[in-house]
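As structure tokens, the structure follows; a few thoughts come after it.
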Amino acid sequence: KTKYSKLIFRKSDTVPEELHQMVQEGFLTLQKHNCFFQDLVRIKGKDFVTPVSRILIGNPGCTYKYLNTRLFTVPWPTEGYDIKYCSPQIHNACKALIRLNDYLHIEAVKALQGQNFFETKEIKDTTVIDREQNFATSLTEKGSVSKDQSSSCVPEDDYISLKNRTSYNLTLLNYMDPLQMLYLKQEPYFGMGNMAVSWHHDENLVERSAVAVYSYSCEGSAMEESNEQKLKGRDPAVWHVGLKVAWDIETPGLAIPLHQGDFYLMLDDLNMTHQHCVLAGFSPRFSSTHRVADCSRGTLEYIFGQCELALQNLQTDSDSMALSLKSLETAVVKQVEEIHNEVEFEWLRQFWFQGKRYLKCSDWWLKPMAKLEEFWRKMEIMTSLVLSEVGREEQIEEQRNETISCFLLVLTERQRLRKEWTAR
């Protein structure tokens, strides 16, 4: 209660049976179609393959970046988007995950509210209970407060903030069979045993947003808990989530057993103040980890906007159709070349580096990627136009030097990154 109060744990019997069934079938479908992949990630300049296999499912055009690797969502069925799936089963699996997402969103809202009431003990009247019940429904239906609810209501700003911090835009699905792993690291501080995922904070999330994790371990009859003698510490046959206070090994760590269909929520700033790890059991396990990813620089909408901004500096002569630059101002050149790098290294190379795998689920990303490639080709032309402009005699020396020095920096970075990506 004192050190881990923002962790909420729910046993599987609190979740509707029909939802369990849909989601668990979805996991098995995705696995049957070979849709889980190990990622090549980069830590301290070295590349590693993750022991866990993953797939990202979420809002169309959303991406999630971790350890220098950008994952692209397999879009879940979303109104207003034309999404073609490779099979009806994959469509159903994605549909099940958006259903789970909606359910966990409401649970996170209720839990956050519960915490607020718990912390502010001033509220003693019965409006609390009504508000609890109204809240989840009004959030899911309207997303805001109806004005006629009396002043006993949560302030509108709180509603919006709660909604923003619990509206999961994607889920990162994980799969691992520990018996296929030759070597698993030991948990180093509390003797918690084999780790499937080491101590970490989840990155690239909206500040103070909740994380929800649904766990499905394929526990067969042979895999039930090892009842020999009750060992000291945790049962090694059962999967657990481990938590510790960040940068602190004095406070005892926490290991919570995860059985088929259990879920937990990390509320508010728990992901920042604490670290978590996943402790492997004996049976294979799937998990669906729902996040509010910080997509400020990670959506298609954003990167298309950047491209349009860059291409404003390119003009076509109406007679000769020759291309030229509108401005050679240092700031403009620098901005265009930085966007050029962003398109190439944050999007095109990230996608094609491991992007063909998405085609096992849907070809949704192919069109936007072709469009980004077109933009990139135009930016390549813009780079060569800058080069030929600064080479011309009539350039004022001072201006030319300024343009060259800022331009060189971005080009050097581009060259360095191209080498690094070729090696990867």
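The values are calculated or read from the model by the stated rules, or taken from the named source; none is laboratory data. Please read these numbers as outputs of a predicted model, since none were measured by experiment. Cβ coordinates were reconstructed from backbone atoms using ideal geometry, including for glycine residues, and neighbour counts include every protein chain displayed. Note: areas computed on protein heavy atoms with side chains; ligands, DNA, RNA excluded. Shrake-Rupley method; radii C 1.70, N 1.55, O 1.52, S 1.80 Å.
Couple of notes before you dig in:
- Against the conditions (1) under 30 Å from residue 14 (Cβ atoms); (2) among the polar types (S, T, N, Q); (3) at pLDDT below 95, residue 271 satisfies every one except (3).
- Selection within region 44-59 - farther than 22 Å from residue 32 by Cβ and of a type outside the set (Gly, Ala, Ser): 44, 46, 47, 48, 49, 59
- Residue within region 31-41 that is over 19 Å from the mean Cα position of the chain (by Cα) and under 20 Å from residue 241 (Cα atoms) present: no
- Flag if residue 367 is open to solvent by 70 Å² or more (accessible area, probe 1.4 Å), within 30 Å of residue 213 (Cα to Cα) and either free of Cβ contacts under 8 Å to residues at least 60 places away in the same chain or not charged (D, E, K, R) (or both): no
- When the residues of region 36-61 are filtered to those that are open to solvent by 50 Å² or more (accessible area, probe 1.4 Å) and in a strand (DSSP E or B), the one that is farthest from residue 168 (Cα to Cα) is 46.
- Looking across region 29-86, the residues that are within 19 Å of residue 364 (Cβ to Cβ) and among the β-branched types (Val, Ile, Thr) come down to 29, 55, 57, 63, 73, 74, 78, 83.
- For region 355-364, taking the residues that are of a type outside the set (A, V, I, L, M, F, W, C) and either farther than 12 Å from residue 36 by Cα or modelled with pLDDT of 90 or more (or both), the one that is surrounded by the fewest Cβ atoms within 10 Å (Cβ to Cβ) is identified as 356.
- Contacts under 7 angstrom Cβ, first residue in region 301-316 being without any contact (Cβ under 8 Å) to a residue 60 or more places away in the chain and in a strand (DSSP E or B), partner exposed (fewer than 15 other Cβ atoms within 10 Å of the Cβ) and not basic (Lys, Arg), 6 or more apart: 315/324; 316/323
- Test result for residue 65, part of a loop (DSSP other than H, G, I, E, B) and among the basic types (Lys, Arg): no
- Lone qualifier among 305, 281 - being surrounded by fewer than 22 Cβ atoms within 10 Å (Cβ to Cβ) and of a type in the set (Gly, Ala, Ser): 305
- Single condition residue 258 does not satisfy, out of (1) open to solvent by less than 20 Å² (accessible area, probe 1.4 Å); (2) under 18 Å from the mean Cα position of the chain (by Cα): (2)
- The residue that is surrounded by the most Cβ atoms within 10 Å (Cβ to Cβ), among those in region 407-424 that are under 24 Å from residue 332 (Cβ atoms) and either touching a Phe, Trp or Tyr at 6+ places or on another chain (Cβ under 7 Å) or of a type in the set (Ser, Thr, Tyr) (or both), is 417.
- Matching residues, region 176-215, being in contact with a helix residue (DSSP H, G or I) (Cβ under 8 Å, 6 or more places away or on another chain) and not in a loop (DSSP other than H, G, I, E, B): 194, 196, 205, 211, 212, 214
- Number of residues in region 68-86 that are open to solvent by 10 Å² or more (accessible area, probe 1.4 Å) and not in a strand (DSSP E or B): the value is 10.
- Verdict on residue 3 being without any contact (Cβ under 8 Å) to a residue 12 or more places away in the chain and among the basic types (Lys, Arg): no
- Given (1) assigned to a helix (DSSP H, G or I); (2) without any contact (Cβ under 8 Å) to a residue 24 or more places away in the chain, index of the condition residue 25 fails: (2)
- Residues being modelled with pLDDT under 80 and either under 26 Å from residue 97 (Cβ atoms) or loosely packed, with under 14 Cβ neighbours inside 10 Å (or both) - total across region 148-187: 8
The rows are residues; the columns are (1) touching a helix residue (DSSP H, G or I) at 6+ places or on another chain (Cβ under 7 Å); (2) without any contact (Cβ under 8 Å) to a residue 40 or more places away in the chain.
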position	(1), (2)
258	no, no
270	no, no
276	no, no
282	yes, no
286	yes, no
292	no, no
295	no, no
318	no, yes
322	no, yes
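- Residue selected from region 324-354 under the condition free of Cβ contacts under 8 Å to residues at least 24 places away in the same chain and part of a helix (DSSP H, G or I), by the criterion least open to solvent (accessible area, probe 1.4 Å): 332
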